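The values are calculated or read from the model by the stated rules, or taken from the named source; none is laboratory data. Keep in mind that this is a model prediction, so the values were computed, not measured. Cβ placement follows ideal geometry from the backbone for every residue including glycine, while neighbour counts extend to all protein chains displayed. The accessibility values were calculated without ligands, DNA or RNA, using every heavy atom of the protein model including side chains. Shrake-Rupley method; radii C 1.70, N 1.55, O 1.52, S 1.80 Å.
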Amino acid sequence: MANYIYDSRANAVGFIRGRYIHSLNGTAIGQLNGTHVHKLSGGYVGELHKDMVVDKHLGNYGNIGNPGNPGNPGNPGNPGNRGSVNYGYPDVFQTLLE
């Protein structure tokens, strides 16, 4: 079972497999270092908070480097909209796609 990541509109936008974040089509787009979320290229994006990638205004945790391509685990399906939840932090998932 995939651990899904949602955007501020409560739509599933990605999933976690191991220490990598993938888009819903399975493309690796980010990596986790604890709760710190980095682009696949290594640049810091934000924090994993519950089931969202958010900006907690903690500063910049730098660049952890590119770990290589973890491959494509495939499409786990789309769980649909989970219902709106506001954690009080800005959603920054789109930064992983830039």
Tabulated pairs, region 56-75, first part of a loop (DSSP other than H, G, I, E, B), second of a type in the set (A, V, I, L, M, F, W, C) and open to solvent by 70 Å² or more (accessible area, probe 1.4 Å), C-beta under 7 angstrom, 6+ apart or interchain:
none
Return the residues of region 8-29 that are in a loop (DSSP other than H, G, I, E, B) and open to solvent by 10 Å² or more (accessible area, probe 1.4 Å); say none if nothing qualifies.
Ser8, Arg9, Asn11, Gly18, Arg19, Leu24, Asn25, Thr27
If Asn3 satisfies every condition in (1) open to solvent by less than 20 Å² (accessible area, probe 1.4 Å); (2) more than 17 Å from Gln94 (Cβ to Cβ) but one, which is the exception?
(1)
Determine if region 30-39 includes at least one residue that is under 10 Å from Val53 (Cβ atoms), touching a helix residue (DSSP H, G or I) at 6+ places or on another chain (Cβ under 8 Å), assigned to a strand (DSSP E or B) and of a type in the set (A, V, I, L, M, F, W, C).
yes
Quick one: is Gly43 small (Gly, Ala, Ser) and either touching a strand residue (DSSP E or B) at 6+ places or on another chain (Cβ under 6 Å) or closer than 18 Å to Gln94 by Cβ (or both)?
yes
Looking at region 15-39 only, could you name the residues that are out of contact with any Gly (no Cβ under 6 Å at 6 or more places or on another chain) and on the phi > 0 side of the Ramachandran plot?
Gly18, Gly34
